[in-house]
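> Would you mind keeping the following structure in view while I ask a few things?
Here, each number is a calculation from the coordinates, and none is a lab measurement. These numbers were taken from a predicted model, which means no experiment stands behind them. Note that we place each Cβ from the backbone using ideal geometry, even for glycine, and neighbour counts take in every protein chain shown.
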Amino acid sequence: MIAHHVLFWLKADTTAEQIAAFRNGLESLEKIEVVKTFHIGTPAPIERAVVDTTYTFSLILFFEDLAAHDVYQVHEIHKAFLDEFRSLFEKVIIYDAE
């Protein structure tokens, strides 16, 4: 099992309409057949020194194995998402774990 956790920081001047479109774009990734588990989140209202709440969106995907992860990376839906929305990212951090 591969966990793919992506944290997105959108640019400060991103409009509410762009944020809504971005979330819809994230939701489109669930249609990729190799995605086993899917979750979109925003920072929880938890105030602890070790909790980072500075990101805009969290995306967590689970894949059966590394081969499925690799299929996802080159999938047309994933590539379309990146093409449409990468200009909104200020910062992206990805954590992959097995």
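> Take the residues of the range 25-35 that are of a type outside the set (Val, Ile, Thr) and not in a loop (DSSP other than H, G, I, E, B): which is farthest from the chain's Cα centre (by Cα)?
Looking at the filtered set, the residue picked out is 31.
For (1) out of contact with any Leu (no Cβ under 8 Å at 6 or more places or on another chain); (2) loosely packed, with under 11 Cβ neighbours inside 10 Å; (3) among the hydroxyl-bearing types (Ser, Thr, Tyr), each residue gets a yes or a no:
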| position | (1), (2), (3) |
| --- | --- |
| 2 | no, no, no |
| 6 | no, no, no |
| 9 | yes, no, no |
| 17 | yes, yes, no |
| 26 | no, no, no |
| 37 | no, no, yes |
| 53 | yes, no, yes |
| 59 | no, no, no |
| 69 | yes, no, no |
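> Something else about it: Identify, by number, the condition in (1) outside any loop (DSSP other than H, G, I, E, B); (2) more than 20 Å from residue 98 (Cβ to Cβ) that residue 39 doesn't meet.
Looking at each condition in turn, residue 39 falls short on (2).
> Specify which of the listed residues (38, 81, 57, 22) is within 14 Å of the chain's Cα centre (by Cα) and touching a residue at least 60 places away in the same chain (Cβ under 8 Å).
The conditions single out 22.
> Inspect all residues belonging to the range 48-65 and state whether any of them is of a type in the set (Gly, Ala, Ser) and in a helix (DSSP H, G or I).
no
> Check the range 8-18 and report whether any residue there is charged (D, E, K, R), under 15 Å from the mean Cα position of the chain (by Cα) and part of a helix (DSSP H, G or I).
The answer is no, given that none of the residues of the range 8-18 is charged (D, E, K, R), under 15 Å from the mean Cα position of the chain (by Cα) and part of a helix (DSSP H, G or I).
> Taking the range 71-98 as the search range and keeping residues that are hydrophobic (A, V, I, L, M, F, W, C) and touching a Lys or Arg at 6+ places or on another chain (Cβ under 9 Å), which one is surrounded by the most Cβ atoms within 10 Å (Cβ to Cβ)?
88
> In addition: How many residues, within the range 66-98, are within 15 Å of residue 19 (Cα to Cα) and assigned to a loop (DSSP other than H, G, I, E, B)?
The qualifying residues number 0.
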